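These notes are about the structure you will find just below.
Since every read-out is calculated from the coordinates, none of them should be taken as a lab result. Keep in mind it's a predicted model, so treat the numbers as computed, not measured. Here the Cβ positions follow ideal geometry from the backbone for every residue, glycine too, while neighbour counts run over all protein chains shown.
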Amino acid sequence: MGWHLLKRRVIPVLLLRDGRMVKGRQFKDFRDTGEANTAIRIYSAQDADELVFLDIQASRQSHSALLEVVRAAARECFMPLSAGGGVSSLADVRELLLAGADKVVINSAAIAQPDLVVQAAERFGNQCIIGGIDYRGAGRDARVWVRCGSEATALDPVEYAQRLVGAGVGEIFLQSIDRDGMMQGYDLKTSAAVAAAVSVPVIVCGGAGHFKHLADAFTQTDVAAAACASLFHFGDNNPIRARSYLRNQQVLMRVLR
C-alpha cells in the first residue's frame, strides 16, 4: 500500500542533551527548555500523532539518558515513539526498541557504515528504521551534513534519500539545518524533491513558526508528516490546535483514538 493513502501527521520533536530538553538555532546555541517527562505528558494529552526524541550529544552517557526518557515515554503514552542520535550499531537499535521506541532514526552512521541500515532493516523490519538526513542549502545546492551539522559531505539529499530507501529504511526524516529554529517556514523546494523521489513517507523538519507553515508543507509537497520543535516550545501552540487548523485547510489528518 502506498503511503499516499495514509493521512498527514504532526509530530513534536524533543531534542535531548543528557535527558534534558534543549532547543537551538541552526544546530547551535542550544538552551535548556525543561523536563522531557513533563513535555511527554502534555503532548500525550494534546493529540500528537507521535513523538520523536533526538539525542544531540550522542555520547555513551547521553545515550543512557535517552533510553531512560524513551522508557518513561513508553510507560506514559500510547502514541508511536521514534528515537535517534548517535545510533551506530545494531545493539544501539535493539536497545532503543527494547526501551519502547517503535522506530529508530539512523543518521551519520548510515554514511559511515552503509551496511548498518541494511542489517537493521533485515533484523528489525523496514518499518522500524528511519533514515535521518540533515542538510544545508536548498534545491540543487543542498548537501548532506553529518555529526550534528558539523561535517560536510558531497551528497545530494535527493539521491541520498533514494539510496537510504534502497538500503531498507521505511521512512525519511529530512531536516534543514539552515532553517532549524528560525521559524520562517520549511524548505519546500528540497522537501518536495525528496518526497517525489522516494516511495516511503518523508517527515520534514526545520522551520515551522506557525500553522500556515504546516499547511504549506502539506499542500505544496507530498511529505507525509511535519515535525516541529520551536513551534510548540515557544508560545501556546499545541498539536490539538495545529490539527484543527489543518483540517480547516482541507488537509486530511490521521484520526486519533
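Only four residue types carry charge here, +1 at the Cβ of Lys and Arg and -1 at the Cβ of Asp and Glu. Report the dipole size of the chain about the Cα centre in Debye, rounded to the nearest 20.
Approximately 500 debye in magnitude.
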> Taking amide H positions as placed 1.01 Å from N in the peptide plane, with prolines and chain starts having none, which residues 5 or more places from A83, or on another chain, fall under 5 Å of its amide H?
Replying inline: F53, K103, V104, V105
>> Can you tell me which of G137, G84, G181 moves the most in a GNM of the chain? Springs connect C-alpha atoms under 10 Å apart.
In response: G137
> For region 32-45, in order, what is each residue's ³J(HN,Hα) by Karplus, 6.51 cos²θ - 1.76 cosθ + 1.60 with θ = phi - 60°, in whole Hz (x at glycine and Pro)?
Replying inline: 5, 10, x, 7, 4, 4, 5, 4, 4, 5, 5, 5, 5, 7
> Hey, which lysines would be in cross-link range of K212, C-alpha to C-alpha under 26 Å, not counting anything within fewer than 8 residues on its own chain?
Replying inline: K7, K23, K28, K189
> Under a point spin-label approximation (7 Å from Cα along Cα-to-Cβ), what is the R25-R94 distance to one decimal in nm?
Replying inline: 4.4 nm
> For S89, what charge total do you get from the other residues with a beta carbon under 15 Å from its beta carbon, if Lys and Arg give +1 and Asp and Glu give -1?
Replying inline: -2
> Tell me, what HN-Hα J-couplings in whole Hz come from the Karplus equation 6.51 cos²θ - 1.76 cosθ + 1.60 at θ = phi - 60° for each residue of region 127-138, using x for Gly and Pro?
Replying inline: 5, 8, 10, 10, x, x, 10, 9, 8, 10, x, 8
>> For a quick check: sort L98, L14 by the number of other beta carbons within 10 angstrom, fewest at the front.
In response: L98, L14
>> Could you compute the net charge surrounding A152? Neighbours are other residues with a C-beta less than 12 Å from the C-beta of A152; K and R count +1, D and E count -1.
In response: +1
> Once phi is turned into θ = phi - 60°, what whole-Hz ³J(HN,Hα) does the Karplus curve with 6.51, -1.76 and 1.60 give for every residue of region 238-246, x standing for Gly and Pro?
Replying inline: 8, x, 4, 5, 4, 5, 5, 4, 5
> By the scheme Lys and Arg +1, Asp and Glu -1, what is the net charge of all other residues having a beta-carbon under 11 Å from that of D180?
Replying inline: +1
